[in-house]
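The values are calculated or read from the model by the stated rules, or taken from the named source; none is laboratory data. The model shown is predicted, which means the values in this text are computed figures rather than measured ones. Here the Cβ is made from the backbone with ideal geometry for all residues, glycine too, and neighbour counts use every protein chain on show.
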Amino acid sequence: MVTRNALLYLSRHEGLKDFATRFSPFKKLTTRFVAGEDIEQTIAEIRKLNALGCTASFDHLNESVTRVEETNEEVREYLRILSRIDDTGIRSNVSIKLTQFGLDVDPELTYGNARTVVADAARRGNFVRVDMEGSAVTQVTLDIFKRLRGEFGIDDVGIVVQSYLRRTETDVRELLKIPARIRLCKGAYNEPPEVAFPDKKDVDDNYIKLMRMLLSSGVYHGIATHDPRMIEATINFVGREGIGKNAFEFQMLYGVRRNLQEQLARDGYNMRVYVPYGKHWYPYFMRRLAERPANVWFVMKNMFRG
Ligand SMILES: Cc1cc2nc3c(=O)[nH]c(=O)nc-3n(C[C@H](O)[C@H](O)[C@H](O)COP(=O)(O)OP(=O)(O)OC[C@H]3O[C@@H](n4cnc5c(N)ncnc54)[C@H](O)[C@@H]3O)c2cc1C
C-alpha cells in the first residue's frame, strides 16, 4: 500500500515527469503498456488485437491540460483517430479524459470539446467512452457526461465508474435510470479514506455488487479488470442468470495479462483492450506501476540491462 501510494504520488510529480519523458532509455520501457508514439503505430497494434478476436479502445494519452490551444489540438487528434478507424476498418472505439479537454480550467470549454468528438463519433456510428479521473472531478465529469448523453444516444457515449469510491453505488443507480453504458473498474488514483474504501476487500466486494447491478440491467456494459476473481465472479453470475456472452464485454489494458485477454476471446466473450499511445505517457505509466509494484522491478531490471 505504501509503495502504491508513493508511486501514485510520483505520478503527479511534474519534475520527475519532465525528466522521465526526456530520458530516452526510460521511454523504451513504456512499450509494454503504451502502443506507440502515433496513430499509425497504434493502428498496427490494434490490428494484431483484432486478429486475436479482441476489439479495442483507442486512447491518446494526455491529461490535466490547461492551455486552450492544447485542448483544441487534443480534439483534432481524436477527429483524426476516428477518421483513421473508418479508413482502416479496425474494430475500435475511443476513450477520452475530460482533463485532456480542459476540465481543470473550464467545464464549458471541456463540454464543447467533448461534444465535438462525440458528435463526430456518432455520425460515424462509433462510440466515445469518457474515462473517470480523480475524485476532485467525479461530479463534474458525471455532469458533463449526462449533458452529452442527453444530446446523443446510448450507443454514442458512455462513462466509467470506480468501485473504490463510496459514492459509486448511488451514481450507478442514477446512471442506470438514464440509462447509460458504463465501464466498471476499481479505480486508479490516490484517494482519501473519506471518499474511497481503503481496504482492497471492500473495493472488491463493491466491484462484485456493482457488476451484478450492471449486468442485470439489460444495458451493454464493460467489466474492466485483470483480477481473476472478478472475472470468475462475472462468468459465474452471467451463467447463473442466463445472461448471454454478447450482452456485455470484458475490458483490459494493453500489455496487461495478454494471455487472459486471448483466452477470454477464445472462450467466446467480448474482449476489448484499452490501447493508449502518445508522448504524454508518464502519469498513465506510473499508475500501471502502482497497480503492481512488481512492475517496478521489471522496469529497473530492463533499464540497467541497457
Ligand atoms: C479497460 C480499462 C479501463 C480503465 N479505465 C479507468 C478509468 O477510466 N479510471 C480509473 O480510475 N481506472 C481505470 N482503469 C484502471 C483500474 O481502475 C485499475 O486500476 C486497474 O484495472 C487494476 O485493477 P484490477 O481490476 O486489474 O485489479 P487489481 O486487484 O489491481 O489486480 C488484479 C491482478 O491483475 C494484475 N494486474 C493489475 N494491474 C496490473 C498491471 N498494471 N500490470 C500487471 N498486472 C496487473 C495483477 O496480477 C493483479 O494481481 C481501467 C482499467 C481497465 C482494464
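Couple of notes before you dig in:
- For residue 108, the stated conditions do not hold, so it cannot be described as within 16 Å of the ligand (Cβ to nearest atom) and at pLDDT 95 or above.
- Considered as a group, the residues in region 176-190 that are in contact with a strand residue (DSSP E or B) (Cβ under 7 Å, 6 or more places away or on another chain) and within 14 Å of the ligand (Cβ to nearest atom) include one that is farthest from residue 203 (Cα to Cα), and that residue is 181.
- Looking only at region 230-256, and only at residues there that are among the small types (Gly, Ala, Ser) and within 12 Å of the ligand (Cβ to nearest atom), the one that is surrounded by the most Cβ atoms within 10 Å (Cβ to Cβ): 255
- Failed criterion for residue 163 (all others in (1) out of contact with any helix residue (DSSP H, G or I) (no Cβ under 6 Å at 6 or more places or on another chain); (2) of a type outside the set (A, V, I, L, M); (3) closer than 20 Å to residue 195 by Cβ; (4) surrounded by 20 or more Cβ atoms within 10 Å (Cβ to Cβ) hold): (1)
- One residue stands out in region 214-229 among those that are within 20 Å of residue 157 (Cα to Cα) and in contact with a Leu (Cβ under 8 Å, 6 or more places away or on another chain): the one that is surrounded by the most Cβ atoms within 10 Å (Cβ to Cβ), namely 223.
- Filtered residues of region 143-175 (kept if in contact with a strand residue (DSSP E or B) (Cβ under 8 Å, 6 or more places away or on another chain) and farther than 18 Å from residue 94 by Cα): 162, 163, 164, 165, 166, 168, 171, 172, 175
- Selection status of residue 76, out of contact with any His (no Cβ under 8 Å at 6 or more places or on another chain), in contact (Cβ under 8 Å) with a residue 24 or more places away in the chain and on the phi < 0 side of the Ramachandran plot: no
- Test for residue 224: is it within 11 Å of the ligand (Cβ to nearest atom), more than 26 Å from residue 267 (Cβ to Cβ) and among the small types (Gly, Ala, Ser): no
- Number of the exception - residue 17 against (1) in contact with a Phe, Trp or Tyr (Cβ under 6 Å, 6 or more places away or on another chain); (2) under 10 Å from residue 277 (Cα atoms); (3) of a type in the set (D, E, K, R): (2)
- Long-range neighbours under 7 Å by Cβ, at least six apart or interchain, first residue at negative phi within region 172-192, second aromatic (Phe, Trp, Tyr) and surrounded by fewer than 20 Cβ atoms within 10 Å (Cβ to Cβ): 181/220; 190/9
- Those residues of region 79-105 which are within 30 Å of residue 53 (Cβ to Cβ) and within 16 Å of the ligand (Cβ to nearest atom), in sequence order: 91, 92, 93, 94, 95, 96, 97, 100
- Scanning region 127-150 for residues that are surrounded by fewer than 20 Cβ atoms within 10 Å (Cβ to Cβ) and more than 14 Å from the ligand (Cβ to nearest atom) yields a count of 6.
- Single condition residue 220 does not satisfy, out of (1) at pLDDT below 95; (2) touching a strand residue (DSSP E or B) at 6+ places or on another chain (Cβ under 8 Å): (1)
- Residue in region 14-27 that is part of a loop (DSSP other than H, G, I, E, B), away from the ligand (no atom under 16 Å from the Cβ), touching a residue at least 40 places away in the same chain (Cβ under 8 Å) and closer than 21 Å to residue 281 by Cβ present: no
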